[in-house]
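J.: One structure is given below, represented as structure tokens, and several questions about it will come after.
The values are calculated or read from the model by the stated rules, or taken from the named source; none is laboratory data. Predicted model, so just to flag it, every value in this text is computed and none were measured. Cβ: placed from backbone, ideal geometry, glycine included. Neighbour counts: every protein chain shown. Note: areas computed on protein heavy atoms with side chains; ligands, DNA, RNA excluded. Shrake-Rupley method; radii C 1.70, N 1.55, O 1.52, S 1.80 Å.
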Amino acid sequence: MVEGIFVDPQQISDVKRALGQGLAGWRRRRGLTQDDVARRVHSTRSTVANVESGRQVVDRVFWVQCDSLLQAGGELITGYDEYRFLDVRHKEEKAEAARQARWGAVLDHQAIVEASEPAQDRDTSLASAVPDSAHGLRRDRRSTTSAEVGFPAVMDEVDGLRRSLHEALSMGTVTAAGLDEWEGIVAHHGRATRDHSTDTLLREIAGDLGELTELIGRSPSASALRRLTGMAAQMSGLMCLVLCRIDDRTAAYRWARTARLATVEAGDPVTRSWVLAQEAHVYYYSADFRETVHLARHAQDVAGREASVGAVLAAAIEARALAAMGRREETRAALGQAEGLLSRLEGDSLSASAFGYNEAQLRFHEGNAYTRLGETDAALAAQDRALELCSPGDYTDWALTRLDRAICLTRMGHASDAVESLAETIGSLDGAKRQGIIAERARIALDGLPPTQRSSSTARDLRAALADVR
């Protein structure tokens, strides 16, 4: 082993193999197949198989999800963190060993040169070789001799400069495979917004945003930086979306601005359109409907002729804002625009993800718009279709659709049915999923009940359940 390398590569292999065996053990203990695990953590069976055999490790998100799925009590996360620590340490020590070998050769050469030079020449040649402003080198080369400074001390400072430069260059290397993996992570977060609780989403997205920020700070190549910046825009947009859901408007506005800045840097109009649509959402839930319409139309203009998720989402949000302002004909026109754009989407653009848009989402938005307008028949028809298409885990759209339905039932004179629907909807959500815009919409539905139903024990219980929810 090269001197200076303290982590044995075999140790890393052993930890990786043990980590895979741990996953396999927990999976079998829970009676799951590799396909089961892959499907639930948005991976593939081959990846799970490679991980269990020790051939692959993948990213931390995978291990966090597996640990939660298999109820491993943090064992899998701890195992991954141990592996990651050893792997990074090993790479650092290899780099340091290589550095020492290179500088050993330099020092040997310098000793030979010095032995053949007069003393005064050695002083001059050494001084001229050292930058006088790099990383704190403040020596007066005219008055300081090599004996006073000491050659090793000077070389340490020179190497401090080299290490900084080397780190900036080497850490900027981002492989195509690495970028592909990051795009997979971003896509996973987009899917997770449909069924994960907001507190879980905040933790997971924030953790990966930290790593992504570090990667961007390493000054990668221009092409890699463009891709990374686009991913940063998407992740920032997801943060805006999640913060909007929990009704933290100030933070959501800030993340929207950051996301918008990233899209400008990335130069991607499709992502920019999507980010603007997310920002419009924040203004909608802040009841600033004029700004919502302005941003939604801007998002559609940015998308141009291309049918994109951002454009159709923006048209749907525009319709909801116009409905809130009572502008019926414009609402219908915006819904028609959304319908037309949706018909042109295909592939992943139709997926159940924050980066996708499908009929289930459009029917929810349509139902909300007609609820706002007070057109209960049209609203109920859209809500029926939305609930029919809504995936079981998509609790946000499901809950908001049912809350809109309760409002419509009250307006139709079926207040007792509305209370029953409210109780079933709120009762099916745990505390982490009741917060934010869901809690606010539930309160609006309760406030709309006639006095008799509003003072009922069921309604009082529902208010109590929402009392401590933000």
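J.: At a probe radius of 1.4 Å, what is the per-residue accessible area of residue 26, in Å² to the nearest 10?
T.: Solvent-accessible area, nearest 10 Å²: 30 Å².
J.: While we're looking at this one, here's another question. Using a 1.4 Å probe, what is the accessible area per residue for region 287-363, in Å²?
T.: Heavy-atom SASA per residue in region 287-363 reads 43 Å².
J.: Find the centroid of the Cα atoms in region 54-88 and in region 5-30, then give the distance between the two in whole Å.
T.: Using only Cα atoms, the two centres lie 10 Å from each other.
J.: Around residue 220, with a cut-off of 12 angstrom between Cβ atoms, what is the net charge of the other residues, counting Lys and Arg +1 and Asp and Glu -1?
T.: +2
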